[in-house]
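First comes the structure, then the notes that go with it.
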Amino acid sequence: MSISSLGVGSGLALDDLVRQLISSERQPKELRLDAREKAVDAEISALGSIKSKISEFQDAVDKLRDGSNLNSREPTITNPSEDDDVISADASNSALRGSYEIIVQQLASGSRITTDAGAFASSSDSLINSGTGSLTFSVGTEDSFTININDTTTLADLRELINSSDDNFGVTANIIETGTIDGPRLVILSDKVGEGNNLEITNDSGNAELDRLTTTGGTNNIDPSNIQSAQNAIAIVDGIEVQSTSNEFENTIQSVSFTANELSPTNSNGEQVATILSIGFNKEGVEEDIKSFISSYNSLVDEIERLTRYGATSDDEDGPLAGDSLLRGLQLSIGTIVGEEVPNSGVSSLFQLGIELNEDGRLEIGTEDFGFGTGQARLNDTLEESFDNISILFNDEDNGIAVRLYELVDQYSSTSGLISSRERSARDERDSVDTAREALELRMANFEQTVRLRYVNLDKTIAQLNQTGSALFAALI
């Protein structure tokens, strides 16, 4: 006889028994794989977290290592009043410390040309009675464009033609309606500033009616009194007159550039009041970098201790990298470096800079005096009096704290570093768990097939015995 479902022939719950046997065989192996997978996933996550913290710390260290703020110069501008914005300034790292009095007497400007009073009766009248003509607008030999005119072109049309010309290099035109016998007056401005960059308007065609719009090329050109030439910016620096063809003064003061934004204000006597430009060290930027370094150091130590801690009680879970020697070694190494002195520097330790290691192994700006002043007081004094020594403390090429820290953490954070190597090993381990799980599934499928075959045979045997017993019992009756 054939058995269509396990247990049908014998009447026994053989299918349940098979499932229990398979589950008993699978469960311990699966639990071991689950635990192994959970541990590996926790390790990969923890390594990613610590790698991120190390990268943040390295970025903070790098700002002190490369000395971008330590070596930079910070211009400070003191205007006559808060409402003034006379100059703005930049200084390169080679700028010398100093203070300068600056007065802006004149801003750079381009040409301004205004047609003569009474030259036109209406902005809607034609510029010429008949024929054609052209006007060329030019500054020097490189910048120019030409406007063609016919007997329908009005003053208003000319304004639009100037402003919309594809070759326009920075000339704008506008019409002022005087409402008097002076009639409309065309005002033409050029943005080519600086002495010698004068705008010229040339009557190309010799049409006498166009002379009233030109500065050259005719016999009845615009009156010179209505032509304002392009001019330089003029400033007085510590009593010395300086000029620039633009409003930016480059290297007038060595390695310093400043831009004239507006004329210096005058006092009650009509005298212009100076703006004070001071060039000093970038103390605010350095203090910000130092505090960022402290914060990222503490954040890294916090993360190391969170990941490597052992639970205080049996109910308290261990960190995902409990007792990990690699991270404990990193914590010990960075703690050693920040606690050591740097030779050949007037500021030889972080303590002199006001930075201390507290009892928890964290950096902080000290609050205790110790007879040397509080940490913030020491930091302020050092920033004011020993700025160059701070640079040596952090970025001396052999012993600088930031240099050594950067080299240390780079061994951990680089693509070929210790953390990346651990990550690769952990991912390989994760792959091996997946492989082992696939192998388990194959083994369990084979095991189930073997067990079911055995119990199918048992089911058949019991069914046959039951049939034989039933026949004998019937014969006896």
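The values are calculated or read from the model by the stated rules, or taken from the named source; none is laboratory data. It should be emphasised that the depicted structure is a prediction, and the values quoted were computed from it without experimental measurement. Cβ: placed from backbone, ideal geometry, glycine included. Neighbour counts: every protein chain shown. When the accessible area is computed, the model is the full protein with side chains, heavy atoms only, and any ligands, DNA or RNA have been set aside. Shrake-Rupley method; radii C 1.70, N 1.55, O 1.52, S 1.80 Å.
Of note:
- Heavy-atom accessible area order for 465, 476, largest first, 1.4 Å probe: 476, 465
- Nearest-20 debye value, the range 1-149 charge dipole, Cβ charges on Lys, Arg, Asp, Glu: 940
- Read-out percent of Cα pairs over 40 Å apart, derived from the coordinates shown; its label in (i) 20; (ii) 29; (iii) 61: (iii)
- Expressed as a whole percent, the accessible surface of the range 216-341 that belongs to carbon and sulfur atoms is 43, based on a 1.4 Å probe.
- Ranking 343, 173, 311 by how far each Cα lies toward the positive end of the dipole of the chain (charges on Cβ) leaves 311 at the top.
- Counting only protein heavy atoms and using a 1.4 Å probe, the accessible area of residue 164 comes to about 80 Å².
- Shape category assigned to the range 320-370 from the gyration tensor of Cα positions, a/c cut at 1.5: oblate
- Helix 283-308 and the longest principal axis of the Cα set of the chain meet at an angle near 10°.
- Against the chain, whose longest principal axis comes from its Cα atoms, helix 14-66 is set at around 30 degrees.
- Helix-only arithmetic for the chain: the sum of -39500 (n - 2.57) across DSSP H runs with n ≥ 4, divided by the residue total, places the mean residue ellipticity at 222 nm at -14500 deg cm²/dmol.
- Around the Cα centre of the chain, unit charges on the Cβ atoms of Lys, Arg, Asp and Glu (plus for the first two, minus for the last two) sum to a dipole of about 3100 debye.
- Taking the longest Cα principal axis of the chain as reference, the axis of helix 418-476 is set at about 30 degrees.
- Dipole magnitude for the range 360-415: computed about the Cα centre from +1 point charges on Lys and Arg Cβ and -1 point charges on Asp and Glu Cβ, it is near 180 debye.
- For the range 10-163: rounded, prolate or oblate by the Cα gyration tensor [a/c cutoff 1.5]: oblate
- By the rule of a C-alpha distance below 24 Å, with chain neighbours fewer than 8 residues away ignored, the lysines paired with residue 29 are 38.
- Taking all protein chains together and rolling a 1.4 Å probe, residue 362 ends up with roughly 40 Å² accessible.
- Computed from the C-beta positions of residue 461 and residue 36, the FRET efficiency with R₀ = 35 Å rounds to 0.25.
- Label sites at residue 23 and residue 182, each approximated as a point 7 angstrom past Cα along Cα to Cβ, lie 10.4 nm apart.
- The range 73-166: C-alpha gyration tensor shape, a/c 1.5 cut-off, then a/b vs b/c: prolate
- Farthest toward positive dipole pole in the range 379-458 [+1 Lys/Arg, -1 Asp/Glu at C-beta], among 394, 426, 442: 442
- Listed residues 429, 341 arranged by accessible area, highest first, probe 1.4 Å: 341, 429
- Protein-only accessible surface order, largest first, of 310, 406 at 1.4 Å: 310, 406
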